[in-house]
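Data block below; observations after.
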Amino acid sequence: MADTLLATRSLSKRFGAVQATKDLTLEVAHGELHALIGPNGAGKTTVLNQLSGELTPDRGRIYFDGRSITNLRVHKRAQMGLARSYQITSVFDHLTVRENLSLAIQAHNGHSFRFWRRAGDDPLIRGAIDPAMARVGLEQRSRVPAANLSHGERRQLEVGMALCGRPKMLLLDEPYAGMGPGGTVELTKLIRRLKSEVTILLVEHDMGAVFSLADRITVLVYGQAIASGSPEAIRCDRAVRQAYLGEGDNHHGNAAC
């Protein structure tokens with residue numbers, strides 16, 4: 001695919017007797033939100049760990065933005081624009097939303113930390129901080145310490161800090177985990193807004209969110225991709241319904257096929 005931003009070819013990883021990833025070929029196009037789903041133990045986190053550089057595959061290749069990154073270290077991938085939010089963010093509970101984002105802007109722009117100056121005094125940060133808060137819907141919470149944020153707002157802050165690096169692609173690993181109904185709604189709004197700005201690979205168990213957000217979905221079972229396609233095609237794929245969604249189960253919003 002000429003418009004492919006991220007691709008894997010025959011990606012494989014074994015842990016003893018467990019084949020966590022097996023000959024996985026995956027393609028994520030520029031500008032799409034691609035969801036990676038599967039039952040527990042399917043290998044989703046192992047895939048993300050290999051994409052982000054935390055794990056080296058036993059065999060296979062990973063390509064990003066036209067370049068092989070199979071053996072690149074985590075920070076080199078981040079510099080190329082491949083971001084996994086928790087890897088490049090560190091939320092400080094005692095700092096406010098504004099202060100956390102200011103530090104993220106400073107770090108991502110390669111500025112030295114001048115401890116005798118407030119980060120907010122830097123002209124670059126002053127110009128970037130308000131758009132950074134607005135981007136993730138936290139402008140009304142700017143003076144609130146991170147420790148006092150709700151679970152959903154903290155996720156918004158973590159994503160906002162990752163976005164300060166202006167990534168080309170964002171890897172999101174189960175962002176809805178532990179989220180209440182209100183937080184789920186707000187996070188869905190945020191991810192939907194971000195779809196127009198950054199390519200996203202989403203690993204998630206919340207099927208309502210997946211089917212409402214994804215442009216394409218790949219289904220993993222025992223480390224292998226058993227199907228990849230549009231949400232409509234995945235809903236109607238018999239192998240997927242048997243292995244994961246549940247044959248005849250309308251709980252996930254299955255349409256007539």
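Within the chain, Cys164 have no other Cys Cβ under 4.7 Å of their Cβ and so lack a disulfide-compatible partner by this rule. Extending 7 Å from the Cα toward the beta-carbon at both Phe92 and Val185 defines two label points whose distance is 3.4 nm.
Have a look at the DSSP beta bridges in the chain and tell me what percent are antiparallel, nearest 5. Bridges in the chain that DSSP calls antiparallel: roughly 55 percent. Taking each DSSP H run with n ≥ 4 as -39500 (n - 2.57) and averaging over every residue of the chain yields -9000 deg cm²/dmol at 222 nm. Computed from the Kirkwood radius of its Cα pairs, the Stokes-Einstein diffusion coefficient for the chain at 4 °C and 1.567 mPa s stands at 67 µm²/s. Spin-label model, Asp130 to Met80: label points 7 Å out along the Cα-to-beta-carbon direction sit 3.7 nm apart.
Among 160-172, 131-143, sorting by the average number of other beta carbon atoms lying within 10 angstrom of each residue, highest first, gives 160-172, 131-143. Summary of packing: across the peptides 74-81, 32-39, the per-residue average of other C-beta atoms within 10 Å ranks them, highest first, as 32-39, 74-81.
What the pair-distance distribution of region 108-241 shows, using all Cα-Cα distances binned every 5 Å from zero, is 2, 8, 17, 19, 16, 14, 9, 6, 4, 3, 1, 0, 0 percent. Take every Cα pair under 8 Å whose residues are at least 6 apart in sequence, average their separation, divide by the length of the chain, and the relative contact order is 25 percent. Maximal additional length on extending the Ala177-Cys257 stretch stands at 25.8 nm, based on 0.36 nm per residue less the C-alpha distance. Sequence-distant contacts, meaning Cα pairs under 8 Å at least 6 residues apart, place the relative contact order of region 1-110 at 24 percent. Charge dipole (Cα centre; +1 on Lys/Arg Cβ, -1 on Asp/Glu Cβ; no other charges) of the chain amounts to roughly 700 debye. To the nearest ten degrees, helix 151-163 and the longest principal axis of the Cα atoms of the chain are 80 degrees apart.
Taken together, the values in this text are just the output of simple stated rules run on the coordinates, not laboratory data. Remember, predicted model here, so these are calculated numbers, not experimental data. Because the Cβ atoms are built from the backbone with ideal geometry, glycine has one as well, and the counts that use them run over all protein chains shown.
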